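Engineer: Here it is, the structure, as structure tokens.
The values are calculated or read from the model by the stated rules, or taken from the named source; none is laboratory data. Remember, it's a predicted structure, so these values are computed and weren't measured experimentally. For neighbour counting, all protein chains shown are included, and Cβ atoms are generated from backbone atoms with ideal geometry for every residue, glycine included. Accessible surface areas use protein heavy atoms only, side chains included; no ligands, DNA or RNA. Shrake-Rupley method; radii C 1.70, N 1.55, O 1.52, S 1.80 Å.
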Amino acid sequence: MALDKNRIAGLYQKRARHYDFSANLYYLLGIREFAYRKIAVAALKLEHGDTVVEIGCGTGLNFRLLRDRVGSEGKIIGVDLTAEMLSAANRRIERNKWENFELVQCDAGAYAFPEHVDGVISTFAITLVAEYDKIIKRGASALSPGKRLAVLDFKMPNNWPIWLVKFFVILTRPFGVTLDLTDRHPWESIERYLDLKEHKSFYFGGIYLAVGEKR
């Protein structure tokens, strides 16, 4: 059964301090998480001076990738549910002496996007939110014409036996993953509200990247 937002918040409050380390454990399973993040950020086709919103920014693992794209004159808005994750993200910002970040503590389902943003991204986060369709609809509406929204996340592989799927869910349960999340298909929402420009799979079909562009 999918965790509600309060249980998700409690889970990530506890994991915030060691989140970066525990996320790196994916590499032991052969998941090249950082490489997938780089591909997702590149797919936004951001330019210097752009404004980008990251939903479920966590500790800011994507921040350097995003800042390299928008430069010091651009703006990165990081949205997350928990103060503990945002505190870790803020430490990353201060450590790097970045000045063009805005952090927002908010339930993603209630977040009010600013108008005319140049990119929206969520990596390994949005499927945990029951209101993912509403978030994608609002994000799509906030985009300027020709700009992009990208989602990188886990999905149910078509060719995996169910025992392997269940085993993978057990391994990722510390991050809030449950088997019934496989019924959530954010890529369908992207196709509903935007022109689908990319839809590719990684890790034998267990991870996907979907990218839509404002019509």
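Engineer: Restricting the count to DSSP beta bridges whose residues both fall in the chain, what percent are antiparallel, rounded to a multiple of 5?
Structural biologist: 40
Engineer: Could you report the chain's accessible area per residue, 1.4 Å probe, as an integer in Å²?
Structural biologist: I get 49 Å² per residue for the chain.
Engineer: Just to check, using Stokes-Einstein with a Kirkwood Rh over alpha carbon pairs, what's the diffusion coefficient of the chain at 37 °C and 0.692 mPa s in µm²/s?
Structural biologist: So the translational diffusion coefficient is about 190 µm²/s.
Engineer: Another question, then. Testing the spin-label approximation: label points 7 Å from Cα along Cα→Cβ at Ile170 and Ser87. State their distance in nm.
Structural biologist: Computed distance between label sites Ile170 and Ser87 equals 3.4 nm.
Engineer: Restricting to Cα pairs below 8 Å that are 6+ residues apart, what does the relative contact order work out to for the chain? Please round to a whole percent.
Structural biologist: It rounds to 22 percent for the chain.
Engineer: Further question: Can you compute the charge dipole magnitude of the range 93-215 about its Cα centre, using +1 on each Lys and Arg Cβ and -1 on each Asp and Glu Cβ, nothing else charged? Give it in debye, rounded to the nearest 20.
Structural biologist: 240
Engineer: Shifting gears a bit: Which order do the peptides 44-57, 120-133, 151-164, 61-74 come out in when sorted by mean C-beta neighbours inside 10 angstrom, highest first?
Structural biologist: Ranked by mean Cβ neighbours within 10 Å, highest first: 120-133, 44-57, 61-74, 151-164.
Engineer: Straight distance only, please: which aspartates and glutamates reach the Cα of Lys214 with their own Cα at less than 19 Å, same-chain residues fewer than 8 apart left out?
Structural biologist: By straight Cα distance, Lys214 reaches Glu47, Asp50, Glu54, Glu115, Asp118, Asp133, Glu188, Glu191, Asp195, Glu198.
Engineer: Same structure, new question: When the accessible area of the chain is computed with all protein chains present and a 1.4 Å probe, what percentage of it is carbon and sulfur?
Structural biologist: Ligands and nucleic acids excluded, carbon and sulfur reach 52 percent.
Engineer: Using +1 at the Cβ of each Lys and Arg and -1 at the Cβ of each Asp and Glu in the chain, identify which of Trp187, Asn158, Phe204 lies farthest towards the dipole's positive end.
Structural biologist: Toward the positive end, the furthest listed residue is Phe204.
Engineer: As a quick test, which of the pairs Lys134/Lys166; Lys134/Lys200; Lys38/Lys200; Lys155/Lys197; Lys45/Lys75 have an alpha carbon distance above 25 angstrom in this structure?
Structural biologist: Table pairs above 25 Å Cα-Cα are Lys134/Lys166.
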